[in-house]
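Here is the structure we will look at.
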Amino acid sequence: MLRVEHLSKSFGGVRATRDVSIDFPTGSLTAIIGPNGAGKTTFFNLISGHVRPDEGRVLFDGADIVGLSSLEVVRRGMARAFQVASLFPSLTVREALTAAVVSHLRASGRVLSRFPVAAAGRRADEIMDLLGLDPKADVLSANLSHGDQKLLDIGLALAMDPKVLLLDEPTAGMGSEERWRMIGKVHRLWEVTGMTVLFIEHDMDIVFKIAQTIHVLKYGAVLAQGTPDAIRRNQDVIDAYLGTDHRLSETVGEA
Amino acid sequence: MRVSLMRVSPLRAGLARDVAVAVAGLALLLALPMLFPQPALRDFLIYFFAYGLLAMSLNLLVGLTGLVSFGHAAYFATGAYAFGLLMQSGLVSIPVAALAAVGGTALVALVIGAICVRLKEIYFSFITLAFQMFIHSVIVTWVSLTGGDQGLRGGIPRPPILGLDLNDARVLYGTCAVVFVLCILAMRQVAQSPFGYTLRMIRDNPARANFLGVDVTAMKLGIFVFAAAMASVGGLILALFVSGAYPEFAFWTTSGEAIFMIMLGGMKVFLGPLAGTLLLQTLNHYVTIYTEHHGLVLGTVILVIVLGLRRGLADVLYDWLQARRARRAAASDPVPGSFEPAPLADGALIKGRTV
Ligand SMILES: Nc1ncnc2c1ncn2[C@@H]1O[C@H](COP(=O)(O)OP(=O)(O)OP(=O)(O)O)[C@@H](O)[C@H]1O
Ligand SMILES: [Mg+2]
């Protein structure tokens, strides 16, 4: 479904991504982990068309998508949610989701019908249902709790009916209990929809529990990859940063 | 998919209500001069139609899309001059000249907009201002066509249309009122359409809209052209009424007044800019009669409203109604944890929620 080959990107002197090659099979659930500044978000930026790589290829559904705009990448079926929820503050949850679905249906330019369009409204209801956002349907996005904002951000991505979903730290800034609830939702979403899901996560308990495959990034390069069991035992990873306490410090960085 | 998208129960409900409001509004506008037959009122209202369309259409950019244009009057003037020149040519009837003037303005806006909408924020504002100055100087310098400083003179003929004689002041007023209400209705439909909500997304967070498959540039260009077309109708009404067109129509102060109207009236409520138009015009009218320090008084009033209320008058009313509704809801439903209508932060001045 998605494969990157020899992807590299530097910002001035900072080599944020170095020769990364990873294959994400169709329907897989993959975690990307690594310390702060390891280049995880940059990796998402590169594959979603937001930042153009210096070198390498991104193969999506067999075609190289390097050079396509983020708009074109979304339209091909890759959607993302952000490390810091990126929302529409003045729209309610239902309005935002419906407007996103309208965009997915290529109906954004319609002026002769009224918003909300019936078909889009139904799909928005489904998404709210899936994420448990229905009680908040009429709340302005700006007034949502932090957790609900992260959920809505994922919901907006779901409105694109993506084949590949990129989640940048879905549990960022949450307490332990809320994290597990959130990741439970992500996991169920993956099971129900059969999408290929990539997520960045700092909490190792979560990663080891739900990911099928884990890729560890450090200084922009792949340090290790494999199943949770393999990663847990990998000496490089332990040396590099798992240490004795395998829970990484929680951070909320910039997207 | 298309069929189900077009299925219209909300469309009917929403549109039916808006049409009802429009009909009521039109009835009021037509009744007013009968109740108060002084010609001054009619004249006042025709100015209100013209500048109201300017302010309302500008708010499609400022309030709905978050595009703060400083050069919107350029299209007001383009409409006025195009219409005036076409009528003076004597070749076409009023409706044809009007349609051609609006279409021509839309084309001009398409070209200018294609450049402007790619720029962000303050750069967008400045380049719209620059294009307005360009159009203003074309008008002033192309004396053989436009009459330069003196304006388009010699009058604009008003041949009858379908037996309607627009030289009759009452007929002219009625026609302008109908056109005005139709334009407001069209703008309302656009604001409430899927396109309108897409514009709200762009206003709130263009980067995110882009990541959701919205072609932000194309959408901005679309509303830029539509807003320009609506402004040109305002210019056309004014040209028809004063039987001429003047370079001031395209001067930056005219755009500035339109921005004042929006700030005075508010942009949360769809018709807010009209409240601002009414207020500014009334002030203009009376203040010029009673004092020579007209700019001083106007400036003070605007300062008081902008600094004192920090929102437009219609917004104040809207917020008050919302707060009351929220209090009622809270009283009847004591479950906590629903939400409070959180006071929008300072950005609300520019980015308020347009209803
Ligand atoms: N647009 C940019 N311009 C310049 N430097 C950048 C840019 N984006 C990322 N970087 C740099 O690239 C490096 C990797 O950043 P990135 O955000 O990808 O890390 P991350 O793994 O997501 O970290 P975190 O866990 O804190 O979110 C950092 O040193 C960062 O400063
Ligand atoms: Mg990051």
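The values are calculated or read from the model by the stated rules, or taken from the named source; none is laboratory data. Since the structure is predicted, the reported quantities are computational estimates derived from the model, not experimental observations. Here the Cβ positions follow ideal geometry from the backbone for every residue, glycine too, while neighbour counts run over all protein chains shown. Ligands, DNA and RNA are stripped out before the accessible areas are found, and what is left, the full protein with its side chains, is counted by its heavy atoms. Shrake-Rupley method; radii C 1.70, N 1.55, O 1.52, S 1.80 Å.
State, as an integer percentage, the relative contact order of the range B:20-251 based on alpha-carbon contacts under 8 Å between residues 6 or more apart. Walk me through the intermediate numbers first.
Numbers: 323 pairs, mean separation 99.1, N = 232.
Relative contact order, the range B:20-251: 43 percent.
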**Study point:** Cα-centred dipole magnitude for the range A:88-143, charges only on beta-carbon of K, R (+1) and D, E (-1), debye, nearest 20
**Key:** 280
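Compute the length gained on full extension between B:Leu321 and B:Leu162: take 0.36 nm times their separation in residues and subtract their Cα-Cα distance, giving the result in nm to one decimal.
Length gained between B:Leu321 and B:Leu162: 52.7 nm.
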Exercise for review: Express the relative contact order of the range A:88-143 as a whole percentage, based on alpha carbon pairs under 8 Å and six or more residues apart in sequence.
Suggested key: 59
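When the helices in chain A are scored as -39500 (n - 2.57) per DSSP H run of 4 or longer and the sum is shared across all residues, what 222 nm value do you end up with, to the nearest 500 deg cm²/dmol? Mind dumping the intermediate values first?
Values: 8 runs with 85 residues, N = 255.
It comes out at -10000 deg cm²/dmol, rounded to the nearest 500.
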Revision key, fill the gap. Distance in nm between B:Glu292 and A:Ser145 label points, each 7 Å along Cα→Cβ, equals 6.7
Revision key, fill the gap. Treating only Lys and Arg (+1) and Asp and Glu (-1) as charged, each at its beta carbon, one finds that the range B:20-251 has a dipole about its Cα centre, in Debye to the nearest 20, of 380
Check your understanding: Got a sec? Charge dipole of chain B, +1 on Cβ for Lys and Arg, -1 for Asp and Glu; which of B:His285, B:Val19, B:Leu110 is way out at the positive end?
Key -> B:Val19
Exercise for review: With unit charges on the beta carbon (Lys/Arg positive, Asp/Glu negative), name the residue among B:Ser144, A:Leu2, A:Ile22 whose Cα is farthest towards the positive pole of the charge dipole of the protein assembly as shown.
Suggested key: B:Ser144
Study note, to complete from the structure: For peptide B:213-219, the mean count of other chain Cβ atoms within 10 Å per residue Cβ is 6
**Study point:** Rounded accessible area of B:Met263 (nearest 10 Å², 1.4 Å probe)
**Key:** 70
Practice item. Sum -39500 (n - 2.57) across every DSSP H segment of at least 4 residues in chain B, then divide by the residue count to get the 222 nm mean residue ellipticity, nearest 500. Key: -23500 deg cm²/dmol
Practice item. Rounded, prolate or oblate: pick one for the range B:20-251, where a ≥ b ≥ c are the square roots of the eigenvalues of its C-alpha gyration tensor, a/c under 1.5 means rounded, and failing that, prolate if a/b is larger than b/c, else oblate. Key: oblate
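Order B:Tyr81, B:Tyr123, B:Tyr51 by their accessible area, 1.4 angstrom probe, all chains in place, largest first.
Numbers: B:Tyr81 10, B:Tyr123 150, B:Tyr51 40 Å².
Ranking B:Tyr81, B:Tyr123, B:Tyr51 by accessible area, largest first, yields B:Tyr123, B:Tyr51, B:Tyr81.
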Review point. Under the definition of Cα pairs under 8 Å and six or more residues apart, what whole-number percent is the relative contact order of the range B:93-223?
Key: 21
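How shielded is A:43-51 by partner chains, expressed as the average number of their Cβ atoms within 10 Å of its Cβ atoms?
Details: counts 0, 0, 0, 0, 0, 1, 2, 3, 0.
Mean number of neighbouring Cβ atoms from other chains: 1.
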Revision key, fill the gap. With all protein chains in place and a 1.4 Å probe, A:Arg57 shows an accessible area in Å² (nearest 10) of 110
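At a 1.4 Å probe radius, which order do B:Phe44, A:Phe11, B:Phe49, A:Phe115 fall into by accessible area, largest first?
Sorted by accessible area, descending: A:Phe11, B:Phe44, A:Phe115, B:Phe49.
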Exercise for review: Mind giving me the nanometre distance, one decimal, between the label points for B:His285 and B:Leu303, set 7 Å out from Cα along Cα→Cβ?
Suggested key: 2.6
Point to revise | Among B:Ala80, B:Gly155, B:Gln192 the positive-end extreme of the charge dipole of chain B (Cβ point charges) | key: B:Gln192
**Study point:** Charge dipole magnitude, Cβ of K and R +1, D and E -1 - the protein assembly as shown, Cα centre, debye nearest 20
**Key:** 1040
Check your understanding: Hey, rough spin-label estimate for A:Glu55 and A:Arg3, points 7 angstrom out along Cα→Cβ, what's it come to in nanometres?
Key -> 2.0
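Rank these by accessible area, largest first, 1.4 Å probe: B:Arg203, A:Arg15, B:Arg325.
Ranked list, largest accessible area first: B:Arg325, A:Arg15, B:Arg203.
R0 = 25 Å: FRET efficiency of B:Leu99 with B:Val138, Cβ-based, nearest 0.05? Don't jump to the answer; show the numbers that get you there.
Details: r = 23 Å, r/R0 = 0.91.
So, using R0 = 25 Å, E works out to roughly 0.65.
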Exercise for review: Enter the accessible area of A:His50 (Å², nearest 10), with the probe set to 1.4 Å and all protein chains included.
Suggested key: 100
